[in-house]
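The values are calculated or read from the model by the stated rules, or taken from the named source; none is laboratory data. Just so we're clear, the structure is a prediction, and the values are computed from it rather than from any experiment. Positions of Cβ are generated from backbone atoms using ideal geometry, with glycine treated the same way; all protein chains shown enter the neighbour counts. Heavy atoms of the whole protein, side chains included, go into the accessibility calculation; ligands, DNA and RNA do not. Shrake-Rupley method; radii C 1.70, N 1.55, O 1.52, S 1.80 Å.
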Amino acid sequence: MPTNQAAKVTFMGTGTSHGVPMIGCDCGVCTSSDPRDKRTRPSVLVETAGKTILIDTPPELRLQCVANDVRHLDAVFFTHAHADHVMGMDDLRRFNWLSKSAIDCYGSKPTLDAISKTFAYIFDGDCDYPSYKPSLNLHPIDDAPVDIGGASILPIPLMHGPLPVLGYRFGNIAYCTDCNVIPPDSMKRLQNLDVLILDALRDKPHPTHFNLVEAVAMAARIGAKQTYFTHIAHALGHKKTNENLPAGMALAYDGQVVQSPL
Ligand SMILES: [Zn+2]
Ligand SMILES: [Zn+2]
Ligand SMILES: [Zn+2]
């Protein structure tokens, strides 16, 4: 793993599957005027070794790309096929138009199989309106590093309750969303990080996500120089939560940019 590869990450979305504010909720975070309490569904944009890589295609993908002025993608990596991570896939066709080329998409075979079923109109080859669907090349991956024109991406196998998902490491930044168990072999892949981005859903325990106490303990074990938590539910207000987190740990917010080396 070439850990001297510089990387820049933009948080496209930091919210859990419902987003924040949630539909029909009047709680203090959902009604907060702090822009950092507005969370779209989870995704990051990675710029590394001259390549621009999107991780997941959440429902607000168009809004996220407009807000962050994203105009080109070299590849898309998927963590898993849950709705909050894939339902913006149709917006990728805009990048086909801009680059006049298909987009290479990577994920585990089960993830890509699920995506192919969910988006049959894209992948079944019988669409009546080919110019209105994204042009995507699916590439199944395992846990071996993937090279995107000189940019190395290391998959990090994680458990999201019973579901295997993939996190990804690019240089000394790792993105590990939707997980509550990190297997020993994957812990080895998370050594010497500048920045760890880790799932932290809420205070209460959850069967498939780290809660905040578990995420803080795991972040301390991994020992990145800086940890940012993501996939955040409305139970965690940005300002108040950050005031109580250990040094070197913070909730992320939509639009935040982090870089390595620090
Ligand atoms: Zn999720
Ligand atoms: Zn709420
Ligand atoms: Zn999930």
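So the label point goes 7 Å from the Cα of Asp203 along Cα→C-beta, right? Which residues of the stretch 220-261 then have their backbone N under 15 Å from it? In the stretch 220-261, the label zone of Asp203 (backbone N under 15 Å from the point 7 Å along Cα→Cβ) covers 233-245. Note on the chain: Lys pairs 8 or more places apart or on different chains, Cα atoms under 18 Å apart, count 10. When the chain is treated as a GNM with alpha-carbon contacts under 10 Å, the residue of Ser33, Ser99, Ser43 showing the greatest mean-square fluctuation is Ser33.
Cα extents for the stretch 31-156 along the principal axes, largest to smallest and rounded to whole angstrom: 46, 36, 28. Entry note, the chain: relative contact order of 22 percent, from Cα contacts under 8 Å with a spacing of 6+ residues.
Between the amide H of Val181 and those of Met159, Gly161, distances stay under 5 Å, these residues lying 5 or more places away or on another chain, with hydrogens modeled in the peptide plane.
Per residue, the stretch 7-255 exposes 43 Å² of accessible surface when a 1.4 Å probe is rolled over the protein heavy atoms with every protein chain present.
The 3J(HN,Hα) values that the Karplus relation (6.51, -1.76, 1.60; θ = phi - 60°) gives for the stretch 108-121 are, in residue order, 5, 4, x, 5, 5, 4, 5, 4, 4, 6, 4, 10, 4, 5 Hz. Gly and Pro appear as x. Taking the 1.4 Å solvent-accessible surface of the chain as the whole, the part contributed by carbon and sulfur is 54%.
Overall dimensions of the chain, expressed as equivalent-ellipsoid semi-axes from the Cα gyration tensor (√(5λ), whole Å, largest first), are 27, 22, 17. Where only DSSP H runs of four or more residues are counted, the chain gives -5000 deg cm²/dmol as its mean residue ellipticity at 222 nm, each run worth -39500 (n - 2.57).
Put simply, the C-alpha atoms of the stretch 119-262 give a gyration tensor, and the ellipsoid matching it has half-axes of 30, 19, 16 Å, longest first.
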